[in-house]
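Just below is one structure, and these are the notes that go with it.
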Amino acid sequence: MKKRAFFSSLIISVIFFSCSAPKEEFSADIQSIRNLTSACEEKIEWTESVETLELPAVKGAEGILSGVKPSAQHLSTLKNPSEPVFPFIEGFAPLNTTGSPEDSIKPVTSLCESLAAGTAVDVPVKNDRTFLLTVFSYMLSKQAPEKSKISSYFIGSPFVCDEYVQFPVRLFFESTLTDYTKKPHVDFFVYLQKEGDVYKIYDFDFKKKSVENGDEETQQKEDSDGGKQ
């Protein structure tokens with residue numbers, strides 16, 4: 001009986017020690033990893049946390065009201081602004097005259113203002129083309145609706161080259177129609193050249209509706225010299 005009890009105790013001890021030994025080894029491995037991690041952390045040069053820094057406030061950002069707190073999106077938009085969008089009249093031209101040479105649009109604006117007001121046209125014309133305004137008035141009378149006044153005008157984006165500057169112009173006439181594509185109008189081009197320091201008108205081209213197909217085509221004004229100079 002004593003022998004049986006002795007062997008039972010021995011077996012239990014062996015089982016206990018065999019199970020406890022891996023736990024001690026596992027704990028030792030964990031401790032070694034912790035020691036290694038701590039040693040590595042001590043060698044790292046940590047930077048100061050951004051959250052604890054007081055970032056300077058952005059004040060007086062151009063394009064933002066003083067009462068608005070700029071965000072990252074605001075500043076990104078200001079740094080990379082999108083291209084401006086200009087209105088466009090279908091069948092005519094974009095209404096962007098920012099690319100025109102300085103003072104080149106003034107004679108065109110003066111011409112349109114005089115036509116809209118019904119006053120005598122007094123605009124700078126090249127010295128050798130004094131007849132031009134007379135021919136222009138005749139061509140306009142042939143194109144415009146009878147007994148109709150000009151209600152508005154638009155000057156489109158210019159074509160600029162070394163020889164001349166070309167502005168497209170549309171004159172709208174009084175009408176009960178609200179659709180701009182159907183309102184009666186006359187389109188023509190104004191050509192200018194620089195004479196000294198002043199831009200002067202030296203030619204016109206009118207556009208008319210083709211009777212045959214309804215498409216717009218350019219009607220060249222016949223000059224005494226047979227074309228533009």
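The values are calculated or read from the model by the stated rules, or taken from the named source; none is laboratory data. Just so we're clear, the structure is a prediction, and the values are computed from it rather than from any experiment. Cβ: placed from backbone, ideal geometry, glycine included. Neighbour counts: every protein chain shown. Heads up: the accessible areas ignore ligands, DNA and RNA and are worked out on the full protein's heavy atoms, side chains in. Shrake-Rupley method; radii C 1.70, N 1.55, O 1.52, S 1.80 Å.
Take the Cβ-Cβ distance between GLU146 and VAL198 as r, set R0 to 41 Å, and report the resulting FRET efficiency rounded to the nearest 0.05.
0.70
Does anything in the stretch 89-124 have its amide N under 19 Å from the 7 Å Cα→Cβ label point of THR130, and if so which residues?
Inside the label zone: 120-124.
Of all accessible surface on the stretch 108-215 at a 1.4 Å probe, what whole percent is carbon and sulfur?
So the carbon and sulfur contribution to the accessible surface is 49 percent.
Under a 1.4 Å probe, what is the accessible area of the stretch 136-199 per residue, stated in Å²? Write out the running numbers ahead of the final one.
On the way: 3610 Å² over 64 residues.
It amounts to 56 Å² per residue over the stretch 136-199.
What FRET efficiency comes out for THR119 versus GLU174 if R0 is 22 angstrom and r is the Cβ-Cβ distance? Round to the nearest 0.05.
Computed FRET efficiency for THR119 and GLU174 comes out at 0.80.
ILE33 versus LYS183, label points 7 Å from Cα toward the beta carbon: distance in nm?
Rounded to a tenth, the inter-label distance reads 8.0 nm.
Is there a pair in LYS142/LYS194; LYS106/LYS207; LYS142/LYS207 whose C-alpha atoms are over 18 Å apart, and which pairs would that be?
Correct reply: LYS142/LYS194; LYS106/LYS207.
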